[in-house]
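In what follows, a structure is listed as structure tokens, so that the remarks can point back to it.
The values are calculated or read from the model by the stated rules, or taken from the named source; none is laboratory data. These numbers were taken from a predicted model, which means no experiment stands behind them. All Cβ positions, glycine included, derive from the backbone under ideal geometry; neighbour counts span all protein chains shown. The protein model used for the area step is the full one, side chains on, heavy atoms only, and it has no ligands, DNA or RNA in it. Shrake-Rupley method; radii C 1.70, N 1.55, O 1.52, S 1.80 Å.
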Amino acid sequence: MKKYRVVLFDLDGTLSDPKEGIIQSMTYALQKMGISTLEKQKLDLFIGPPLQDSFKQYFQMTDKQIQVALGYYRERYKTIGMYENTLYEGIVPMLGDLKASGLTLAVATSKPTLFAEAILDYFQMDQLFDLIVGSNMDGTRRHKNEIIFDVLTKLGNTDLNEVIMIGDRSHDIIGAKTCGIDSIGVTYGYGSAAELTSAGATYVFNKVTDIMRVLVEGERNCFKT
């Protein structure tokens, strides 16, 4: 099995479950925009991808409307929503073990860097990562391939064969492929095994514990695509 030395993690749906905060903040924004609230299972589609893209895809908003809706979303999210969030079981021990094994750990998220740093600080996990990169508040650098590329650039002279991206949605996997690195799709988040496999994930894991077992111990307790 290939030896990985640099591990990139998505945040929402991979390290933590942000569902309550995102859905409540999205509901708040839609109500402010005069839009009928979607059923909660449909709002799950907003977890992971850039919100600007979701506003455009599902509500056909103009760029100006997107900025207004995003402002309403952040109005609630930055004070309440980001803390309506829970870590997936086993995440902290797994990260600690990966760090102790000498791996370089980074967060690569479509969430604004400012919010990602605040959430990781809230969970007292920020010290486990060598780098935290998200989107810019103005909406630039929001697609996963741009974020991964920025992480790789900041890490410097890194062999792409030694880098792997871990995420729960197809855009995590596609972003990794675009940047020429392997990927792990995790099904405990918001993407299905079918979604992750179709996107081209190198591996698909069912449990948090599988990440440690494969990256450090070399076991194969996972699906390999």
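General observations
- Taking a ≥ b ≥ c as the square roots of the eigenvalues of the Cα gyration tensor, the stretch 62-155 is classed as oblate, since a/c reaches at least 1.5 and a/b does not exceed b/c.
- Looking at the chain, the DSSP beta bridges with both ends there are about 15 percent antiparallel.
- Approximating the spin labels as points 7 Å out from Cα along Cα→Cβ, the Lys32-to-Gln57 distance works out to 2.3 nm.
- Bridging of Lys2 to lysines at a Cα separation below 24 Å is possible for Lys99, Lys144, Lys154, Lys177, Lys207, Lys224, once same-chain residues fewer than 8 apart are set aside.
- Relative packing of 160-170, 174-184, which averages over residues the other C-beta atoms within 10 Å, highest first: 160-170, 174-184
- Packing around the peptides 147-159, 4-16, 43-55, taken as the average count of other Cβ atoms within 10 Å per residue, puts them in this order, highest first: 4-16, 43-55, 147-159.
- Whole-number accessible area per residue in Å² for the stretch 1-149, which is evaluated in the context of all protein chains at 1.4 Å: 46 Å²
- Tyr190 sits with roughly 50 Å² accessible to a 1.4 Å probe, with DNA, RNA and ligands left out of the calculation.
- Set of the stretch 105-138 residues, backbone N closer than 13 Å to the point 7 Å along the Cα-Cβ line of Thr153: 134, 136
- Between Asp126 and Lys2, the simple spin-label model (points 7 angstrom out along Cα→Cβ) gives 3.2 nm.
- Protein accessible area in the chain, 1.4 Å probe - carbon and sulfur %: 49 percent
- In this rough spin-label picture, where each label sits 7 Å from Cα along the Cβ direction, the Leu114-Val92 distance is 2.8 nm.
- Pairwise Cα inverse-distance average, inverted: Kirkwood Rh of the stretch 119-171 (Å): 12.8 Å
- Spatially proximal aspartates and glutamates relative to Lys32 (Cα-Cα < 16 Å; intrachain offsets below 8 disregarded): Glu75
- With 0.36 nm allotted per residue and the present C-alpha distance subtracted, the Leu160-Ala193 stretch has 9.4 nm of extension available.
- Cα-based shape type of the chain, given that a ≥ b ≥ c are square roots of the gyration tensor eigenvalues and the cut on a/c is 1.5: prolate
- The chain: most fluctuating residue of Ile22, Ile35, Ile80 per GNM, C-alpha cutoff 10 Å: Ile35
- Rounded to the nearest 500, the helix-only mean residue ellipticity at 222 nm of the chain stands at -12500 deg cm²/dmol, with each DSSP H run of n ≥ 4 adding -39,500 (n - 2.57).
- Rounded if a/c under 1.5, otherwise prolate or oblate - the stretch 97-216, Cα gyration tensor axes: rounded
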